[in-house]
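Notes to accompany the following structure.
The values are calculated or read from the model by the stated rules, or taken from the named source; none is laboratory data. None of these values were measured; they are calculated from a predicted model. No Cβ is skipped: glycine too gets one built from the backbone with ideal geometry, and neighbour counts run over all protein chains shown. Calculation scope for accessible area: heavy atoms of the full protein, side chains included, ligands and nucleic acids excluded. Shrake-Rupley method; radii C 1.70, N 1.55, O 1.52, S 1.80 Å.
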Amino acid sequence: MRFCRKLLVSGLCVSLLGLGGCLQVYKPFAHNPGNQAQHLVRDNIPPVRLAVPVPVPEKAPWREATAMWARDVVVALVGQSIPAVAKLPEPGDWWVRLGAVRAENGGIRPRYAIVGPDGKVKARGFGAVIDDEGWRSADPAALNTVALQMAPEIARELTEIQTRMMMDDPQSLMHRSARICFEGVQGAPGDGNKSLAEAFYMMLPDGHNSVQTTRNGADYIVKTEVSLKPSPDAPPPGEALKQQVTIVWHVMTPQGVEAGAATQVHDVVAHSLDGPWADVAGAAAQEAAEAVRTIITNYSGRARKAATAQPDVGGEASKEKDGMKKFIAGTDQTGSTGAE
């Protein structure tokens with residue numbers, strides 16, 4: 001029996017320092033010849049925040065405008081699948097410090113620094129130059145444009161930071177196999193629970209993944225659910241009634257965060273799976289094993305390569321200038337541009 005008319009894969013994510021920058025991956029998983037597989041990737045955002053504080057004191061006359069800019073940056077980062085929050089950083093948080101400098105050829109160049117939980121600057125970058133008038137008036141369109149331009153760069157920097165950290169960590173998945181706890185299959189008719197579990201257990205391990213049946217020391221947990229319902233499509237005249245079988249392979253972290261899920265959907269002759277699954281189990285398990293391996297690879301980032309770190313990065317964030325003496329010169333009687 002040909003299997004897996006559709007394979008939907010969700011949550012193929014790259015975890016950015018636990019910050020959740022996700023990468024969409026469309027990959028043709030194994031399927032039987034003649035079947036047209038459909039692959040769908042959905043972003044998943046791990047519940048770890050990246051703080052984006054307003055970069056001026058609360059009583060500053062330009063506080064409202066800077067808060068608007070910080071909110072724009074947060075929205076743009078969330079659009080990059082980074083769980084950013086407009087708030088002061090708390091102990092253990094990664095955060096982004098916003099600022100601005102005067103551009104060499106005129107105008108104002110917004111800038112950012114990525115700060116780690118240790119208070120040290122990990123990366124720096126700049127946004128597009130804004131003309132003086134747009135900066136002084138805190139033009140919403142201009143500030144939003146800068147936020148949208150900076151967000152992909154911040155996401156890229158976070159990815160490279162995490163990749164370098166993984167490369168330096170001998171216990172990261174870049175240097176060892178992922179330990180995957182498989183907790184079996186539930187809900188299948190016939191011998192499906194046993195047949196699917198045995199086939200998946202045999203097919204999952206490779207040079208980058210090992211399988212076990214306990215959570216002790218596991219990096220990921222796989223749970224599988226099977227359900228049957230009447231097919232939504234009426235059979236052609238003269239053909240038997242169909243059922244729709246759905247198999248969902250959930251890939252979880254030990255903390256309970258879903259790294260992704262591979263969903264297999266297929267119409268079968270009604271009650272044909274009430275007994276032995278036979279070759280159906282092997283076909284489903286083979287495709288699911290490749291999907292699970294891909295979810296783990298992309299979520300963990302273990303296949304990435306890091307670029308060379310920025311040479312001028314370093315220093316305690318608390319000992320550096322905030323990068324923005326004034327935000328809107330229009331509120332300052334000195335006529336300052338609002339940038340260093």
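Taking first residues from region 243-262 that are surrounded by 18 or more Cβ atoms within 10 Å (Cβ to Cβ) and partners that are among the aromatic types (Phe, Trp, Tyr) and in a strand (DSSP E or B), the Cβ contacts under 7 Å between residues at least 6 apart in sequence or on separate chains come to VAL251/TYR220; MET252/TYR220; ALA259/TYR220; ALA261/TRP249; ALA262/TRP249.
Out of PRO152, PRO189, one residue alone is part of a loop (DSSP other than H, G, I, E, B) and closer than 30 Å to VAL251 by Cβ. It is PRO189.
A search for C-beta distances below 8 Å between a residue of region 280-305 that is assigned to a helix (DSSP H, G or I) and any residue that is of a type in the set (Asp, Glu), counting only pairs 6+ apart in sequence or on different chains, returns ALA281/GLU198; ARG293/ASP206; ILE296/ASP219; SER300/ASP219.
For region 239-259, a residue qualifies if it is closer than 19 Å to LEU173 by Cα and part of a strand (DSSP E or B), and the qualifying residues are VAL251, MET252, GLU258, ALA259. Can you tell me which residues in region 54-88 are in a helix (DSSP H, G or I) and of a type outside the set (A, V, I, L, M)? Answer for region 54-88, where residues must be in a helix (DSSP H, G or I) and of a type outside the set (A, V, I, L, M): ARG63, GLU64, THR66, TRP69, ARG71, ASP72, GLY79. Candidates are the residues of region 215-238 that are part of a loop (DSSP other than H, G, I, E, B) and either touching a helix residue (DSSP H, G or I) at 6+ places or on another chain (Cβ under 9 Å) or of a type in the set (D, E, K, R) (or both); the one that is surrounded by the most Cβ atoms within 10 Å (Cβ to Cβ) is ASP219.
A single member of ILE108, ILE114 is buried (at least 17 other Cβ atoms within 10 Å of the Cβ) and over 15 Å from VAL74 (Cβ atoms), and it is ILE108.
Sub-8 Å Cβ pairs linking a first residue in region 162-187 that is in contact (Cβ under 8 Å) with a residue 12 or more places away in the chain and farther than 25 Å from THR213 by Cα to a second residue that is open to solvent by 80 Å² or more (accessible area, probe 1.4 Å) and part of a loop (DSSP other than H, G, I, E, B), at least 6 apart or interchain, are THR163/LYS305, ordered by first then second residue.
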